[in-house]
1. Could you please find all residues in region 47-85 being open to solvent by 30 Å² or more (accessible area, probe 1.4 Å) and in contact (Cβ under 8 Å) with a residue 40 or more places away in the chain?
2. Tally up the residues in region 83-110 that are outside any strand (DSSP E or B) and hydrophobic (A, V, I, L, M, F, W, C), please.
3. Could you pull out the residue among Val68, Val54 that is of a type in the set (A, V, I, L, M), outside any loop (DSSP other than H, G, I, E, B) and farther than 29 Å from Lys37 by Cβ?
4. Please indicate, with yes or no, whether at least one residue in region 90-97 is closer than 27 Å to Ala39 by Cα and open to solvent by less than 40 Å² (accessible area, probe 1.4 Å).
5. For region 73-82, which positions are of a type outside the set (A, V, I, L, M) and assigned to a strand (DSSP E or B)?
6. Please identify the pairs in which a residue from region 102-130 that is free of Cβ contacts under 8 Å to residues at least 24 places away in the same chain and open to solvent by 40 Å² or more (accessible area, probe 1.4 Å) has its Cβ atom under 9 Å from the Cβ atom of a residue that is outside any strand (DSSP E or B) and of a type in the set (Val, Ile, Thr), counting only partners at least 6 apart or on another chain.
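The values are calculated or read from the model by the stated rules, or taken from the named source; none is laboratory data. Computed from a predicted structure; not experimentally measured. FYI the Cβ positions are ideal-geometry reconstructions off the backbone, even for glycines, and counts take in every protein chain you see. Just so you know, the surface numbers come from the protein's heavy atoms only, side chains and all, with ligands and any DNA or RNA stripped out. Shrake-Rupley method; radii C 1.70, N 1.55, O 1.52, S 1.80 Å.
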Amino acid sequence: MKRVFFVLLMCTIFSNPLFANIYDKTNEMCNQSSENKSAKEMLLDEGWEEYAVVSAYYKSNNWRDGDVMAHYGAFTIFCKRDLIVAVKSSDLKYKSPATKHSVRKGNYRVLGESYNARISFHGDALYFNF
């Protein structure tokens, strides 16, 4: 008897239009998870603040000119408290978490050029200023 009463009670609740509307709104809010957000939105939700967009350079061995500093691409710098990370700018639009590269601040002089930050990116040291 208790089981029948429980089933009838649940059917009554779930068939109520007010409950169904609340249930749909709750599901809609829950479904707006990280899979619907861009990598940039995910970083901002984690508490990172966008600081700057920089151009990164690396030491290239050009067979014609010898060693030169070559442009690698753009990185976006994010800060959170005392932490600084760089994220490849082109990766920020994708709907998956971006790889954060730890930024090392310092005074770097490479092939006559001065930089104040660097990251390790796929085995290469990339240098930039911000």
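1. Residues satisfying the conditions are Tyr51, Ser55, Tyr57, Tyr58, Lys59, Asp67, Val68, Met69, Tyr72.
2. The number of residues fulfilling the criteria is 3.
3. Matching residue, one of Val68, Val54: Val68.
4. Checking region 90-97: at least one residue is closer than 27 Å to Ala39 by Cα and open to solvent by less than 40 Å² (accessible area, probe 1.4 Å).
5. Gly73, Phe75, Thr76, Phe78, Cys79, Lys80
6. Matching pairs, first to second residue: Arg118/Val103.
Residue by residue, here is whether (1) touching a His at 6+ places or on another chain (Cβ under 9 Å); (2) under 19 Å from Leu43 (Cβ atoms) holds:
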position	(1), (2)
Gly66	no, no
Val87	yes, yes
Ser90	no, yes
Ser120	yes, no
